[in-house]
Amino acid sequence: MVWTSIKRVIKAGAVNFYRNGFVSLSSVFIMTITLFVIGGVIFLSATLSASLEEIKSKVDVNVYFQTSASEEEITALKGILLRLPEVKDVEYISREQALENFKKRHENDELTLQALEELPDNPLGAVLNIRAKEPSEYEGIANFLKSENALSSGSTPIIDEVNYYDHKTAIDRLSNIIRSAQTLGLALAFLLVVVSISIAFNTIRLAIYISREEIGVMRLVGASDKYIRGPFVVSGVLYGVSAALITLALFYPLTYYLGDSTEDFFSGLNVFRYYTLHFGEFFLIIAGSGIALGAVSSFLAVRRYLNV
Amino acid sequence: MIHFDKITKKYNGCVALDEISFTVKPKEFVSLVGHSGAGKTTLLKMILVEERPSSGSILFGSVNIHALKRNKLHKYRRKIGAIFQDFRLLPNKTAFENIAFAMEMAGRSDSEIAADVPYVLEMVDLGDKMWNFPRELSGGEKQRVAIARAIVNQPDVVIADEPTGSLDPINTYEIVQILKKINDLGTTVILTTHNKGVIDSLGKRVITMEKGRIIRDDPTGRYVL
């Protein structure tokens, strides 16, 4: 009995979807736009966080050591730094390596290289490149290094210079930009999603408004609420499924087309690769939102007209 | 079977029905006549619980129908076959499906539907229009589909509100013949109409209404206004 009812409700919903062709088409169209916005927001947040990640990783603090600092001392400091919770990564560049890098950077500059040859000893000290997990944490690390240097003041200090103080304003500004970009992006995305969901919701309400007299007739000839509502919810689900399939299909050529340019522009994130790699999640989110939106909108919209 | 007990209905202070009391017996054929605005349609809407009285009550058997809870209402309505002047068919369903819908929601099986729907459509002489949509049918045909829908679940009562109001004389005659046949088969029929010819040809009980009151109740009445 229950199974017969379910079967009849699903069949009636599918038949209505098909017979109200034009209304279904417009609802699917509007819902496709909504789902497209939702998908677009996912891409946007992915590219945004990838770019921010990329920018963040370019920021570091360099510790220049005295030429007299021994390798053991430096390795010891590196060990201490790595144990700090704010520190993500520490790269050690030895004096020899620093000299190599310097030579490479100036390979076309004969004069500088010659001057270097004149010197009796390697003039460059070793360097530690420190990366923090968050740009805002560099200050703490720099302060720590300062106190560390002060601690070893009994002997000769090993640190020559920490360039955080030169970069301070730039780093501060960058942290601010990243923070506001994230907040703004989130707020914009939220707004877009809310607006498009309400448009889809109202489109479905209009679609059901067209059937309001029919709903009244069904009540008067003795149909229960469930039996009236069921087919509308089924149609709503079908709107959602169709719109989701269209959206997912549209994203494929679109991301393919945009893939290379996004890779160049957003430093490393290829939206096409991202889409194909995360297709499962996309499918669940887009189809899930479509089905939920269609079903809930229909359910709520029918309620108004059941009052007979 | 149906007892109206001092039914009063007011709309914004205007009295549409004024302490109406009468009883409809089982298997009776009752016609309600009167000018527009006399309250006939309001009275029928009360039976369907489409409208609620300002005071008074309607007993169906022993049940006060206006005290029924919302979730019990549809079960009560299945005991009534309703026919309207504007047909009220479901536009996106064929003649067959319109009738099948009434059976489906009453929980009838697929095999019963497959057997009964063609039978009632044959009864109203529409066997060949089974798969047509309402928009493809004439007024008289639509009303016959509506009648088939009203009787397919074998209701206790058929109420018909101006069923011939928008039909030509030949279709009117046919619809009245079908209603008579339904009544002869043992179903109570309550009919409202303006049509003098219909009433005079029936020779059944006639209740005449004027300004929300019953002014005449003849057991074998004629149309007198």
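Peptide A:212-220 has a mean of 5 when you count, residue by residue, the C-beta atoms of other protein chains within 10 Å of its C-beta. With contributions of -39500 (n - 2.57) from each DSSP H run of at least four residues, the per-residue ellipticity at 222 nm computed over chain B stands at -10500 deg cm²/dmol. Among the trypsin sites (Lys or Arg not before Pro) in the range B:127-225, those placed in a DSSP loop whose Cβ has at most 16 other Cβ atoms within 10 Å are B:211, B:222.
Of the three principal axes defined by the Cα atoms of the range A:58-167, the extents in descending order read 43, 34, 22 Å. Against chain B, whose longest principal axis comes from its Cα atoms, helix B:95-105 is set at around 70 degrees. Loop-located chymotrypsin sites (Phe, Trp or Tyr not before Pro) in the range A:40-88 (DSSP state other than H, G, I, E, B) with a sparse environment of at most 16 neighbouring Cβ atoms within 10 Å are absent.
One chain, two ends: residue A:168 and residue A:84. Fully extended at 0.36 nm per residue, the span grows by 28.2 nm beyond their Cα-Cα distance.
Comparing B:225, A:50, B:173 along the charge dipole axis of the protein assembly as shown, the residue lying farthest to the positive side is B:225, per the Cβ-charge model. Principal axis extents of the Cα atoms in the protein assembly as shown, from largest to smallest and rounded to whole angstrom, are 135, 47, 37. First check a/c for the range A:1-66, with a ≥ b ≥ c the square roots of the eigenvalues of its C-alpha gyration tensor; if it is under 1.5, answer rounded, and if not, answer prolate when a/b is larger than b/c or oblate otherwise. It is oblate, given that a/c is not under 1.5 and a/b is not larger than b/c.
How many percent of Cα pairs in the range B:37-94 exceed 12 Å? Roughly 73 percent, rounded to a whole number. Rounded to the nearest 5, what is the percent of antiparallel bridges among the DSSP beta bridges in the protein assembly as shown? Roughly 65 percent of the beta bridges in the protein assembly as shown run antiparallel, per DSSP. P(r) tail for the range B:1-115: Cα pairs beyond 16 Å make up 67% of the total. May I ask you to list, by number, the DSSP H helices of chain A whose Cα span along the axis is at least 30 Å and whose average Kyte-Doolittle hydropathy reaches -1.0 or more? Length and hydropathy pass: A:21-58, A:164-209, A:225-265, A:279-305.
Sites listed here are trypsin sites (Lys or Arg not before Pro) in the range A:89-194 whose DSSP assignment is loop and whose Cβ has at most 15 other Cβ atoms within 10 Å: A:133. Summary of the geometry: the range A:230-308 and the range B:87-149, compared by the centres of their Cα atoms, lie 39 Å apart. On chain B, 50 percent of the accessible area sits on carbon and sulfur atoms, based on a 1.4 Å probe. Taking a ≥ b ≥ c as the square roots of the eigenvalues of the Cα gyration tensor of chain A, is the shape rounded (a/c under 1.5), prolate (a/b larger than b/c) or oblate? Prolate, because a/c is 1.5 or more and a/b exceeds b/c.
With a Förster radius of 25 Å applied to the beta-carbon distance between residue A:210 and residue A:256, the computed FRET efficiency rounds to 0.05.
The values are calculated or read from the model by the stated rules, or taken from the named source; none is laboratory data. Everything quoted here is computed from the prediction, not taken from an experiment. Virtual Cβ from ideal backbone geometry, glycine too; neighbours counted across all protein chains shown. When the accessible area is computed, the model is the full protein with side chains, heavy atoms only, and any ligands, DNA or RNA have been set aside. Shrake-Rupley method; radii C 1.70, N 1.55, O 1.52, S 1.80 Å.
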